[in-house]
Each structure stands twice: as C-alpha cells, then as structure tokens.
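Remarks on the structure that follows.
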Amino acid sequence: MKKLIIANWKMNGSLRLLDEIAAATQGQFFANAEAVVCTPAPYLHALGQHKSFTPKTGAQNCASTANGAHTGEISAAMLAEFGVSYCLIGHSERRQSQSETNAMIGGKLQQLKDHSIIPVLCIGETQAERDNATWCAVLGEQLAILANQNPTPIVIAYEPIWAIGTGRIPTPNDIDEALAFIRTCVTTMGYPAGYLRILYGGSANAENAARLLSLPSVDGLLVGGASLVPSQFAQIVANAADTNWRTMRA
Ligand code: PGA
C-alpha cells in the first residue's frame with residue numbers, strides 16, 4: 001500500500017500557497033506515494049479546478065447532519081460536489097475549542113460514509129493521560145464510534161496532543177505500541193486490514209519524516225505546520241515515495 005501524506009493547513013494558507021504547493025510537488029512522486037491537502041473550505045473550489053495540483057483534495061471538517069437549517073455549517077454532500085476525497089474529523093483542536101463530542105464526531109463519520117468521502121479520524125491523548133498510563137482507555141473511547149458500523153475504508157491519525165505543534169515526538173517504541181493498539185481495536189470491530197490506514201501526526205517535518213515513515217506500523221503522516229512550507233511538504237512526500245519504493249524492492 002502506498003504511504004499516505006495528508007497536509008492539514010488548519011486556518012492558514014492562501015491562493016498563492018496553493019500555487020506554490022502545486023509547483024513544489026508537481027507530478028513526480030505520485031506513482032509511489034499518495035498525497036492529500038486539506039485546505040480551509042473557501043479554497044476547495046480553487047484546489048479542485050487547479051490545472052497542475054497533483055495532491056488530492058481534502059477538507060478539515062464537515063457537519064454532523066445532512067443539509068438543513070444549520071447556519072455556517074458545510075455538509076458532506078457539498079464537500080463531495082467539490083471533489084473532496086478525504087475529510088478530517090475529530091481533530092483535537094476542534095474537540096477542545098469547539099467542544100466536539102464523540103457523538104458529534106460519529107455523526108460526521110456517518111455523513112462522510114454516506115457521501116463516499118474517506119474519513120480521517122484524529123485521535124490522541126494528553127500529556128497527563130500518557131503519564132498516568134490511561135492513554136489506551138482514551139484512544140479506545142475515541143475509536144468506539146467505529147463500532148457496530150458497516151465497515152468502509154478509513155484513515156486513523158494518531159496525534160498525541162502533546163506532540164502537536166510542539167516539536168516533541170514520541171519514541172519509535174511508543175508510536176509502534178499506540179499504532180498496534182489502534183490496529184487491534186479497529187480490526188476487532190470488523191474492519192478488514194485493507195480498509196485501514198494509520199497515520200502518525202504531531203510535529204512531523206522534513207527532518208524527521210524519513211525516520212517516522214520507516215516504522216513499519218506507520219502508513220503515513222498527518223502534517224500541520226510543515227505542510228505550509230512548500231519545500232518541506234514536497235520533501236515529506238518524496239520521503240514517502242522513497243520509503244514505499246524501498247519496501248516494494250525488499
Ligand atoms: P503539527 O500539526 O504538524 O503542526 O504538529 C499536526 C496536526 O495538528 O494535525
């Protein structure tokens with residue numbers, strides 16, 4: 001399976017950045033890696049129409065209900081019309097600042113599934129939960145929205161909250177342990193292995209990407225800050241293509 005790199009612009013970017021990312025990533029990597037850029041919603045149209053933008057179109061959020069009287073919300077049906085193929089849900093910033101609950105995130109999951117958009121479910125523990133060894137229970141609770149569902153392809157992004165935007169990343173052992181736990185939880189819920197990709201996210205950048213991607217448990221990366229720097233993002237995608245190429249030759 002190709003390694004998957006997803007850029008999360010958060011509330012950043014511009015039309016100019018779209019052009020710069022298009023130029024930096026043009027063509028050459030995508031036979032051996034998959035790349036997605038999740039822009040703020042106002043840029044989705046320009047991204048979809050862009051003549052030389054090779055990464056796929058991703059969104060950062062969708063409503064937990066179908067179209068209706070929900071001022072300011074954006075539905076999965078609308079995202080699908082704009083060619084969105086992946087959508088983040090459950091990012092820790094939204095869980096905190098928008099008080100998103102697992103029930104709301106479950107609604108978003110259903111909406112995305114109904115419109116054939118692949119959900120990228122973000123989960124992760126706080127520093128305190130890592131320190132007091134309750135991280136398994138926390139991740140298990142966040143994953144519980146996947147239970148009793150008709151399985152469809154899904155991406156899980158493991159993003160320890162303490163690693164986001166801090167420059168701190170877990171040890172390779174800790175990443176392997178968390179990803180193995182996630183894989184077991186999700187496959188036990190009936191998701192076939194081929195439907196599941198698990199990304200690492202949190203301070204991934206051009207310097208550490210090759211190392212992170214070389215971990216066999218890591219199917220790809222969710223990249224925030226470094227995805228706003230075209231040369232860094234292009235380098236990370238190149239690392240993903242290279243790691244995959246080496247795996248194929250081994
Ligand atoms: P970061 O953000 O790469 O800037 O740490 C990752 C994320 O929040 O998705």
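All of the numbers you see were taken from the coordinates with simple rules; none came from a lab. Note that the structure is a prediction, hence the values are computed from the model and not measured. Cβ placement follows ideal geometry from the backbone for every residue including glycine, while neighbour counts extend to all protein chains displayed.
Considering only Gly140, Phe181, Pro55, and ranking their Cα positions along the charge dipole of the chain that arises from unit charges at the beta-carbon of Lys, Arg, Asp and Glu, the one farthest toward the positive end is Pro55. On the beta carbon distance between Ser99 and Thr71, with R0 = 22 Å, the FRET formula returns roughly 0.80.
All other residues whose Cβ lies under 10 angstrom from that of Val155 are scored, Lys and Arg at +1 and Asp and Glu at -1, for a net of 0.
Relative contact order of region 1-73, taken over Cα pairs closer than 8 Å and 6 or more residues apart, is 36 percent. Charge tally around Leu139: other residues with Cβ under 12 Å, Lys/Arg +1 each, Asp/Glu -1 each, net -3.
Assuming charge only on the beta carbon of Lys and Arg (+1) and of Asp and Glu (-1), the dipole of the chain about its Cα centre is about 500 debye to the nearest 20.
With both residues required to sit in region 151-222, DSSP beta bridges show an antiparallel share near 0%. If you run the Gaussian network model on the chain, springs between alpha carbon atoms under 10 Å, then out of Asn132, Asn173, Asn239 the most flexible one is Asn132.
Our estimate of slack between Ala180 and Ser231, defined as 0.36 nm per intervening residue step minus the Cα-Cα distance, is 15.2 nm. Normalised size of the chain, defined as Cα radius of gyration per 2.2 N^0.38 Å with N residues, equals 0.95. Two tests apply to each whole DSSP H helix in the chain, Cα reach of 15 Å or more along its axis and mean Kyte-Doolittle hydropathy of at least -0.5, and the ones passing both are 172-188. Let me have the relative contact order for region 93-162, percent, based on Cα pairs under 8 Å that are six or more residues apart. It rounds to 41 percent for region 93-162. Loop-resident GluC sites (Glu not before Pro) (DSSP state other than H, G, I, E or B) in region 99-152 with no more than 14 further Cβ atoms inside 10 Å of their Cβ are absent. Rounded to the nearest 500, the 222 nm mean residue ellipticity of the chain from helices alone is -11500 deg cm²/dmol, with -39,500 (n - 2.57) taken per DSSP H run of at least 4 residues. Charge dipole of region 1-86 (Cα centre as origin; +1 on each Lys and Arg Cβ, -1 on each Asp and Glu Cβ, all else neutral): 220 debye, rounded to the nearest 20.
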